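This report refers to the structure that appears directly beneath it.
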Amino acid sequence: MITNPNAYDLIVAILNAIGVYNIILGFFQEQGMEYLLRIVIVLVEIAVVLVFVLLTVMFLSWFERKMFAVVQSRYGPMVTGPRGLFQPIADGIKLLGKEDIIPATADRWIFTIAPYIVFVSVLLVYIPLPFGESLILSDLRVGLLYIIAISAITPISILLAGWASNNKYSLMGAIRAVAQDISYTIPLAITAIAVVVFVGSLSTVDIVNAQQGYWFWIIPKWFIFLQPLGFILLLIACIAEMGRIPFDFQESEQELVAGFFTEYSGMKFAMFFLAEYAHMFAVSGIIVTIFLGGWTGPAIPIIPIQITSLIYFMIKTYAVIFFACWLRDTVPRVRIDQLLHLGWKIMIPLALLNLLVAAFVVTAGVI
Amino acid sequence: MAANEFLNNYLPFAMMLVIGIVFVAIALFMSRMVRPSVKTKEKLSTYECAETPVGDARIHYNIQYYMIVIVFLIFDVEVLFMYPWAVQLRSLGGLGFIEMVLFIEVLIIGLAYAWRKEALEWIQ
C-alpha cells in the first residue's frame, strides 16, 4: 500500500530542492537524534496550522457579524481598522482582561478542564484534513472514522461544561446540545459511509483523489453529482453538528441566555468561542472533502499545484461557510421535537436508503 | 517498518494534543497575569437572570434525553460495523451486498420498533 504524500514529505522535498536537507540531517545525525528532525518539522507544520486556525477564527467571527449586519441593513463592526476588520483583535484583548469567575456552587475542576477538552478536540480534527495536494498533517488510513470519532468528543466537553456550571440554563443547553449532536452523528456517519463505498478507503486523500477528473470534459467527478441526496443529508447533519441556526438549541439566546457557556467568562469563554468557529471551518472542510471534490480543480500552468489546490479548497470551504451563515441570517429556529423528528424519522431512513443504493451501484459494477 | 510508519502517521496527533493543551494553558495563564480578581458573593453566585438562585441545577431530568441516548448507542455500534464492510465492498461482491441488506433490514426493524414504542416521540 502506497501512502500519500503529506506535509512532511513536502517540506523535505522543498528542503532538498534548496539543498539544505542533507546538511540539516547531517547535523541531527551527528547528535545521534535523527528522529528529532522529524519532530521539529512536524512542530513547524502544527505551528502553521495553529496560526492558520486562529486567523481563520478571527476572520470568520468578523465575516459572520458583518454579513449578519448587511443582511439586516446595518453597518456591523466598522470602527476598528478598515471596515472593522480588527474587531476580533479588540475582542480578544478585551476578553484577556476580563475577570474569570467560577461560580461558588460550580465544580471547579471540571469547570476548568472543559475549555481544554473542547479546544483540543476541535484542533485534532484538523490532522487528516487535506488543505491541498500533499498539504495534510497526516494522511491517516482511518481518516474519516478518525474525524467522526474525534468530533464525538466535543459533546462530552459540552456536557462537562454544562454540568459543572451548576446553572439551569447551562445544564439545559448542554443536554440539548448532546441530544442534538448524537442524533445527527448517525446520519452523518451513514452518508459518509456511502461515499466510502465508492472510494474503498477511509483516507481523506484517497477520497479527494477519487474525485479528480471530469465526466464529458465538463462536469467534475465530485460525489455531489453521484449522491445529491447524500450531500443534502450531510449538509443538514453538519449544520446541526455545528449547532447553528436553525438547529442552535445549545445556545438559543431567547430561552437559555447563552446555553452551556452561560457561566464562562474571560479567557475560558474565549476558548469556547475559538472552538466554535474552528469547528465550523473544520466541518465545512470535511463537507468539501467528501462531496465537493476537496482541493481538486482545473490546474493552472506555472503556479505549483500545492498553491492552486489550497486556493480551490479555500474557495469551496468558504462557499459552504457562506451558506451556513446565510441560513443563520434567514431561517428561524425549529423546535426541538421537530429537530429530533427530522433527525430520527427522516434523515436516518433516507441515509440508509442512500447507502443501499450506493452499495447496489458499486456491487452491480456501474461505478 | 510498519510500526515506524504508524508512529510517523500519528506523531502529528500526539504533538497536536500536547500543543493544544499548552496553548490553552498559556492563554489562561496570560489572562491570569493581566485580569483583575475582585470576588464578591454576588459575583460568585450562579446566574439566574439577576434573581437569587433557587435550588440546585442538578435535578431530575426529562427521561426523553435518556431514551435518545439508548437508541443512539445501538445505532452507533451498528454504524461502526459498516466501516470495514464499506472499505472492502468491491472485493466482497454480491454476497457482501446481500449481507449488508440483511444487516440494515435488522437495523430498520429496530428503528421501527423504537418508533412504534414512541421512544422517538417528544413527550411533554
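Taken together, the values in this text are just the output of simple stated rules run on the coordinates, not laboratory data. Treat the numbers as computed from the prediction; the structure is a model and nothing was measured. Positions of Cβ are generated from backbone atoms using ideal geometry, with glycine treated the same way; all protein chains shown enter the neighbour counts.
Taking every residue in B:71-83 and counting other chain Cβ atoms within 10 Å of its Cβ, the average works out to 5. Counting only other chain Cβ atoms within 10 Å of each residue's Cβ, the peptide A:263-271 averages 3.
Ranked by the mean number of other Cβ atoms within 10 Å of their residues, highest first, the peptides A:21-32, A:101-112 fall in the order A:101-112, A:21-32.
Which whole number gives the average, over all residues in B:27-38, of C-beta atoms from other chains lying within 10 Å of the residue C-beta? Averaged over the peptide's residues, the number is 5.
Could you state the number of Å between the C-alpha centres of the range A:3-77 and the range A:258-287? Comparing the Cα centres of the range A:258-287 and the range A:3-77, I get a distance of 21 Å. Estimated from helices alone, the mean residue ellipticity of chain A at 222 nm is -22000 deg cm²/dmol (sum of -39500 (n - 2.57) over DSSP H runs with n ≥ 4, per residue).
At 222 nm, what value in deg cm²/dmol follows for chain B if DSSP H runs of at least 4 each add -39500 (n - 2.57) and the sum is divided by all its residues, to the nearest 500? Taking each H run of at least 4 residues, the total per residue is -26500 deg cm²/dmol. Seen against the Cα atoms of chain B and their longest principal axis, helix B:63-116 is set at about 40 degrees.
When both the range A:328-346 and the range A:188-246 are represented by their alpha-carbon centers, they are found 22 Å apart. Here A:ASP329, A:ASP181 are placed in order of increasing Cβ neighbour count within 10 Å, fewest first, which gives A:ASP329, A:ASP181. Holding the Cα-Cα limit at 21 Å, pick out from A:LYS345/B:LYS117; A:LYS94/A:LYS316; A:LYS98/A:LYS168; A:LYS94/A:LYS168; A:LYS268/B:LYS43; A:LYS98/B:LYS43 the pairs that are longer than that. Flagged as over cut-off: A:LYS94/A:LYS316; A:LYS98/A:LYS168; A:LYS94/A:LYS168.
Legend: helices of chain A (whole DSSP H runs) are marked when their alpha-carbon atoms reach 15 angstrom or more along the helix axis and their mean Kyte-Doolittle hydropathy is at least -1.0; marked are A:7-18, A:34-71, A:108-125, A:153-165, A:168-199, A:228-242, A:266-291, A:305-330, A:348-363. Which of A:ILE311, A:VAL79, A:ILE182 sits farthest toward the positive end of the charge dipole of the range A:53-363, with +1 on the Cβ of Lys and Arg and -1 on the Cβ of Asp and Glu? The Cα lying farthest towards the positive end belongs to A:VAL79. Between 0 and 90 degrees, rounded to the nearest ten: what's the tilt of helix B:2-34 against the longest Cα principal axis of chain B? Once rounded, one gets 20 degrees.
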